[in-house]
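See below for the structure under consideration.
What follows draws every value from the coordinates through simple rules; no lab data is involved. Remember, predicted model here, so these are calculated numbers, not experimental data. Cβ: placed from backbone, ideal geometry, glycine included. Neighbour counts: every protein chain shown.
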Amino acid sequence: MSTRLKELVERFGGQLQGSGDIEIVGIAPLDVAGPAHITFLTNPKFRSQAAQTKAAALILSAADDALIGAEYGGTRIVAPNPYAYFARVAQLFEAQSSIPAAPGVHPTAVVDSDAEVAATASIGPHVVIEPGAKIGEHVVIGAGGYVGRDARIGAYTRFYARVTFHARCEIGERGILHSGVVIGTDGFGFANEAGTYVRIPQTGRVMIGNDVDIGANTTVDRGALSDTVIEDGVKLDNQIQIAHNVHIGAHTAMAGCVGVAGSAKIGKYCTFGGAAMILGHLTIADRVHVSSGSLVSRSIHEPGQYTGFYPLAKNADWEKSAAIVRNLSAMREKIRELEKTIKSLTESKTT
Amino acid sequence: MSTRLKELVERFGGQLQGSGDIEIVGIAPLDVAGPAHITFLTNPKFRSQAAQTKAAALILSAADDALIGAEYGGTRIVAPNPYAYFARVAQLFEAQSSIPAAPGVHPTAVVDSDAEVAATASIGPHVVIEPGAKIGEHVVIGAGGYVGRDARIGAYTRFYARVTFHARCEIGERGILHSGVVIGTDGFGFANEAGTYVRIPQTGRVMIGNDVDIGANTTVDRGALSDTVIEDGVKLDNQIQIAHNVHIGAHTAMAGCVGVAGSAKIGKYCTFGGAAMILGHLTIADRVHVSSGSLVSRSIHEPGQYTGFYPLAKNADWEKSAAIVRNLSAMREKIRELEKTIKSLTESKTT
Amino acid sequence: MSTRLKELVERFGGQLQGSGDIEIVGIAPLDVAGPAHITFLTNPKFRSQAAQTKAAALILSAADDALIGAEYGGTRIVAPNPYAYFARVAQLFEAQSSIPAAPGVHPTAVVDSDAEVAATASIGPHVVIEPGAKIGEHVVIGAGGYVGRDARIGAYTRFYARVTFHARCEIGERGILHSGVVIGTDGFGFANEAGTYVRIPQTGRVMIGNDVDIGANTTVDRGALSDTVIEDGVKLDNQIQIAHNVHIGAHTAMAGCVGVAGSAKIGKYCTFGGAAMILGHLTIADRVHVSSGSLVSRSIHEPGQYTGFYPLAKNADWEKSAAIVRNLSAMREKIRELEKTIKSLTESKTT
């Protein structure tokens, strides 16, 4: 399949500079794109490479077009956010080339007669759907998926192979759950009684909004009494752990291996670098950005970038710095003594 | 279903203050409970809220009852550990409302004729049970579970959907394994030979006691020559990694994302905060508590709370402190020079 | 089954000291080995234990043989790398005792007619193999495995139960993928547009070499435009996250819970301790060793051991040191003031 450049502009906007009749078959990076590809420039340091690209067309900003458009010479699509524009074009090519999941229920799937599955939904091999579950229009449940009792899956949501989605949990429209995701297991709730643990039944749900993506092997626990909530547009990478009663605000993104402990309330438009860890019962404001490998041990009430990891060093140097860190209060004591001595020296001098 | 308050006291003990004939249909938090709910007070800061709750009944300590019992006015159950009492009541309501798994083997399950499955056990769709495995009374193996050769699953143990339990491993009674758990994969054992790795077969097992809960996507490796051992009452949260030959003492609890490296020996009644990491071949005493995000790099022989994570700061502040941490030995050198200078100043003064 | 010592030496080399006709039935540690076992000495601190072992035979180095061979008295196999020798002997006994997977396709598996499955391959129950996939000779796909469209699995590679291997990804020969592994999910790629995220289709693949082992619940994302690459002989432990476009050089090993962010380029013969975290777009040279719990925040161009984690302490001591770390720049300021004061004192003294 191919697409004319003018069709892209009709769909996604942007200003066309040059011929709109060229046919494009796909996207490629600046350096490997050929005369049937479209490419894009988002990072100023690749400007000279963009000027030399052999791509038939180039998506770029007005500022970059002013600088290198003439030198490049091919057709340009000028857009305020070339990266987002590229993403949409890539989605278009993906849709053209992908083989759509066939609607219907695979004969090896076990779908309870009390479940409701839309006629346009695709239920893969060895899927299990329990009584009362509702599967929306155009939903795809990949091979080996599990949907618990009374769960709700919104239209156009896709589960890749081997997703587990437990009873009474809900997800909105256009979500993507990757393989190995587990939604709605019991939160880690126990009452300690003389050292041993009495399990506290977890009766809340996981409520997930629209346009939420959840990466491979990520886990989200159901709430204890109330619900765990993931708002619209949240993006979670792989191997993330979200504990019970966490609330994640809309359009917040978390990179791989992040952990969020119970009842943390996280704002909207936040970002969390890989392996960041958020302790329980904290509140994090909107537009907070936490660096990779940082542990958030108290609430954050102001937007901004927050960091807390031990700087890497050659092991021998780390050994030295770590030994001092262990005894920092001794160092502080020494400084206080020096201050005293100097003070007495100064005073004796002036008297 | 509903339960009279006096039935609760007959079952679980505690002192009834007020009418025992009220019928309760469920548990709710202090602020949302209504006249058919029981609620509980465990945190002193909610005392005034408890005094105002609309719940029909309140579980609380004798101390709290003395303070707010009269003001509240409804029926109270006075118990020494109201949180554990609440947990047991919640379990009762859970048992009343849950739909029990039907005994028997689902027609899509593949159960080897040399496996032994108790008649009261429930084997879900697409489960695989290999030869020699023994599945105890009232065990539930959820959809897509896998039980390897000669494995043993004790009575009343429950595997949620998609648990993998490999050959020769054993778990006791009343255990709960959540979705995505993998027990008994090979430990990470290789002999290095001129830079490349020769795999060391892992021939030990994973031996799990009674009343052990294991969270979603947690992994436990089998031992190399001897076994990996998890004693009675251990509670593991989601996404935990337990390496080969680890030994975890009874009633120890680990929060999400914890990692334990090979051959670590961990005591009883310990707790590990989220993402804590324990290095290999260490010994950790009973009743050691490790804070979230802390790396345990040497053995701990005394009970107590241990911590080691870099404090979070605004990124700009962290940049400053991290730069100094990198050069702490330079700072120490400077202080030593100051000491010398001051010493010579002092001496020259006194001479 | 049993094996004569001389057969071991014929297969694996080494120098036989003593009778080669003794029959061995297995391997055991020094302290539990009996007269039908072979054992091994690799750690000098166990020399006296080795001298006393009841094993029929002992694998050890020439240096150790000179020291304790006579005292031990049994048959010795002297080899330059006793640990690798032991590993190979253990593999032999494993092969003798293991029950080989039967070739053929289990009747509950769903194998597309356009997939190519070698006659010697074993396809377990509830496996799904999509069109265009190629499964090589002697491959084992355990129960519940998923192999996507046009994927390639090289000869003798083994997937344990419940591995997910997505479309167009490839793995070479003799690989081992443990349960819960997910290969080839979409990388975490989004274009930010006014705070919300536009998904960037991930069209690259995951390309895995020969002799690669991947631990339970580890995830590897496909590349965005180009591929994610794992070279020959790489060993990944459990619960590792490898992001899109990462490149891992041959014979590099990573312990459990490691995370590698997007486009990181990691050299050959590296090792990463548990829960180490590597940020994106970094380059790490060959033979770099990163300690457990360390965050690699910039490229490393020289081989060596690198470390960066906050040292563990009793919580009260950590509280003190952490408070000072937070205000290290204040401490530095104080030292500068002291320097100034001393300088002026010294100058005033000399004038």
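Observations
- With both residues required to sit in the protein assembly as shown, DSSP beta bridges show an antiparallel share near 15%.
- Each Lys and Arg adds +1 at its Cβ and each Asp and Glu adds -1 at its Cβ; summed about the Cα centre, chain C shows a dipole of about 1140 debye.
- Kirkwood Rh, Cα atoms: Rg over Rh of region C:223-278: 0.93
- Remark: the Cα gyration tensor places region A:207-331 in the prolate category, a/c being 1.5 or greater and a/b exceeding b/c.
- Exposure proxy order (Cβ contacts within 10 Å, fewest to most) of B:Leu5, B:Leu16: B:Leu16, B:Leu5
- Label-point spacing at C:Ser344 relative to the other copies reads 2.1, 2.1 nm, in ascending order, each point sitting 7 Å out from Cα along Cα→Cβ.
- Listed by number, the DSSP H helices of chain A that run 18 Å or longer by alpha-carbon position along their axis and have mean Kyte hydropathy of at least 0.0 are A:82-97.
- Restraint check, B:Lys134/C:Lys235; C:Lys235/C:Lys268; A:Lys45/A:Lys314, Cα-Cα greater than 23 Å: B:Lys134/C:Lys235; A:Lys45/A:Lys314
- Ranked from shortest, the separations from the 7 Å Cα-to-Cβ label point of B:Ser98 to its equivalents in the other copies are 3.7, 3.7 nm.
- Simple spin-label estimate for B:Ala118 and C:Glu339 in nanometres, 7 Å along Cα-Cβ: 7.3
- Furthest towards positive pole of dipole, B:Gly74, B:Gly256, B:His301, structure part chain B, Cβ charges: B:His301
- Percent of Cα pairs exceeding the 18 Å cut-off, where the set is region C:83-232: 58
- Applying both filters, DSSP loop and at most 12 other Cβ atoms within 10 Å, to the GluC sites (Glu not before Pro) of region B:126-230 eliminates every site.
- Across identical copies of the chain, A:Ser299 has label-point separations of 4.4, 4.4 nm, listed in ascending order, with the point defined 7 angstrom from Cα along Cα→Cβ.
- Computed about its Cα centre, the charge dipole of region A:125-190 is approximately 100 debye, with only Lys, Arg, Asp and Glu carrying charge at their Cβ.
- Seen from C:Pro303, the other residues with C-beta closer than 11 Å to its C-beta sum to a net charge of +1, counting Lys and Arg as +1 and Asp and Glu as -1.
- Check: the protein assembly as shown dipole with +1 on Lys, Arg Cβ and -1 on Asp, Glu Cβ, in debye: 3220
- Cα gyration tensor shape of chain B, rounded if a/c is under 1.5, else prolate or oblate by comparing a/b with b/c: oblate
- For region C:104-306, the relative contact order comes to 10 percent (Cα pairs under 8 Å, sequence separation of at least 6).
- Sorted fewest first by neighbouring Cβ atoms within 10 angstrom, B:Val198, C:Val32, A:Val127, A:Val140 come out as C:Val32, B:Val198, A:Val140, A:Val127.
- Among A:Ala322, A:Ala133, A:Ala87, the largest mean-square fluctuation in a Gaussian network model of chain A, built with springs joining Cα atoms closer than 10 Å, belongs to A:Ala322.
- Summing charges over all other residues whose Cβ lies under 15 Å from the Cβ of A:Thr252, with Lys and Arg as +1 and Asp and Glu as -1, gives -2.
- Cα centroid separation - region C:182-248 against region A:59-115, whole Å: 20
- Whole-number D in µm² s⁻¹ for the protein assembly as shown, Kirkwood Cα-pair radius fed into Stokes-Einstein, 25 °C, 0.890 mPa s: 79
- At R0 = 25 Å, FRET efficiency that the Cβ-Cβ distance of C:Gln91 and C:Ser48 yields, to 0.05: 0.30
- Label zone of C:Met1 (point 7 Å out along Cα→Cβ, amide N under 19 Å): in region C:35-79 this covers C:36-39.
- Our summary gives region C:234-300 a relative contact order of 26 percent, counting only alpha carbon pairs under 8 angstrom and 6 or more residues apart.
- Antiparallel content of DSSP bridges confined to chain B, in %, to 5: 10
- 28 Å Cα-Cα reach of C:Lys340 towards lysines, excluding residues that sit fewer than 8 places from it in its own chain: A:Lys320, A:Lys334, A:Lys340, A:Lys343, A:Lys349, B:Lys320, B:Lys334, B:Lys340, B:Lys343, B:Lys349, C:Lys320, C:Lys349
- Cα-based shape type of region C:1-156, given that a ≥ b ≥ c are square roots of the gyration tensor eigenvalues and the cut on a/c is 1.5: prolate
- Environment charge of A:Gly69, counting only residues whose C-beta is closer than 12 Å and scoring Lys/Arg +1, Asp/Glu -1: -1
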